[in-house]
Amino acid sequence: MADIGNSLEKAFDFVWGRFLDRLDGLSDDEYFWEPVPDCWSVRQDAAGRWRIEGDGGGPTGEPAPDPPPITTIAWRIGHIGATFIGFGDRLFADGKITVDDVEFASSATGARAYLDGAYRDWRAGIGGIDEQRWWSPIGPAFGLYAKDSTVDLALHVFDEIVHHGAEVGVLRDLYRRRSELGNL
């Protein structure tokens, strides 16, 4: 039987590398670009701290807007990093980190460092999982998903990178041709 952990680690590393390649040359203007009004982004609050709007897509206790807002590259990068941080904390640590504890990046350069740290910690965590734990329930820290396996959680996190990373790529493509968008 193949080692699921090794297969997932290779898949994560491949997708992660592809995503980081798509971030090469990202500018601050592009990072914060809002293609339509009322986007969710990462913004500085009155105290000077950078916060992600909509709790980064996590549970807020409030109903999500319908339809949900378009999000900036800054928001999507914030969400990807927060996914690693939040799920990693619940899976590998004490599960006490909240969105208020996360230091979101205030620039494109800072975004790369934010992502590098979040991924490094996630990757170290999954690299230490043995075969039995991959198939074990993830536990009460995951609420309704407590009975799901670590594989299920890892595949969810993998999906977050793939789909939000692809969205970042599309936003970058649109940003480069933004002067043409009004001609549709």
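Just how large is the dipole of the chain about the Cα centre, in debye to the nearest 20, putting +1 at every Lys and Arg Cβ and -1 at every Asp and Glu Cβ?
It comes to approximately 240 debye.
Round to the nearest 0.05 the FRET efficiency obtained for Asp3 and His163 when R0 = 45 Å and r is the Cβ-Cβ distance.
With R0 = 45 Å, the Cβ-Cβ based efficiency is 0.95.
Starting from the Cα gyration tensor of region 31-113, take the square roots of the eigenvalues, sort them a ≥ b ≥ c, and report rounded, prolate or oblate (rounded when a/c is under 1.5, otherwise prolate if a/b is larger than b/c, else oblate).
oblate
Going by alpha carbons, how many degrees (0 to 90, nearest 10) lie between the helix axis of 73-92 and the longest principal axis of the chain?
In the chain, helix 73-92 runs at an angle near 20 degrees to the longest axis.
Most exposed first by the Cβ proxy, i.e. fewest other Cβ within 10 Å, how do Arg120, Arg90 rank?
Final ranking by Cβ density, sparse to dense: Arg120, Arg90.
What FRET efficiency comes out for Lys96 versus Asp28 if R0 is 25 angstrom and r is the Cβ-Cβ distance? Round to the nearest 0.05.
Using R0 = 25 Å, I get an efficiency of 0.20.
Enter the angle in degrees (range 0 to 90, nearest 10) between the Cα long axis of helix 4-23 and the first principal axis of the Cα atoms of the chain, meaning the one along which they spread out most.
Here the helix axis deviates by roughly 10 degrees.
Provide the gained length on full extension for the span Arg18 to Ala46, in nm with one decimal, where the gain is 0.36 nm per separating residue minus the Cα-Cα distance.
Stretched fully, the Arg18-Ala46 segment lengthens by 6.5 nm.
Can you tell me the orientation of helix 150-176 relative to the chain, as the angle in degrees between its alpha-carbon axis and the longest Cα principal axis, to the nearest 10?
Rounded to the nearest ten degrees, it is 20.
With charges only on Cβ, +1 for K and R and -1 for D and E, what is the dipole size of region 129-170 about its Cα centre, in debye, rounded to 20?
Using only the charged Cβ atoms, the result is roughly 140 debye.
Near Phe87, within a Cβ-to-Cβ distance under 15 Å, what is the net charge of the other residues, with Lys and Arg +1 and Asp and Glu -1?
Around Phe87, the charge tally is -4.
Only Cα pairs under 8 Å and at least 6 apart count here; give the relative contact order of region 91-184 as a rounded whole percent.
15 percent
For the chain, just say rounded, prolate or oblate: build the C-alpha gyration tensor, square-root its eigenvalues into a ≥ b ≥ c, call rounded for a/c under 1.5, and beyond that prolate if a/b exceeds b/c, oblate if not.
prolate
Give me the extension gain from Tyr145 to Arg112: residue separation times 0.36 nm, minus the current Cα-Cα distance, reported in nm with one decimal.
Net length gain for the segment: 8.8 nm.
How would you rank Thr83, Thr98, going from fewest to most other Cβ atoms within 10 Å of each one's own Cβ?
Fewest-to-most Cβ neighbours within 10 Å comes out as Thr98, Thr83.
Find which of Gln44, Ile4, Tyr175 sits farthest along the positive direction of the dipole of the chain, computed with +1 on the beta-carbon of Lys and Arg, -1 on that of Asp and Glu, about the Cα centre.
Tyr175
Size of the dipole of region 81-146 about the Cα centre, Lys and Arg at +1 and Asp and Glu at -1 on the beta carbon, nothing else charged, in debye to 20?
My answer is approximately 140 debye.
Read-outs throughout are calculated quantities, based only on the coordinates presented, and are distinct from any laboratory measurement. Bear in mind that the values here come from a model prediction, so they are computed numbers and not experimental data. Neighbour counts run over all protein chains shown; Cβ positions are idealised from the backbone, glycine included.
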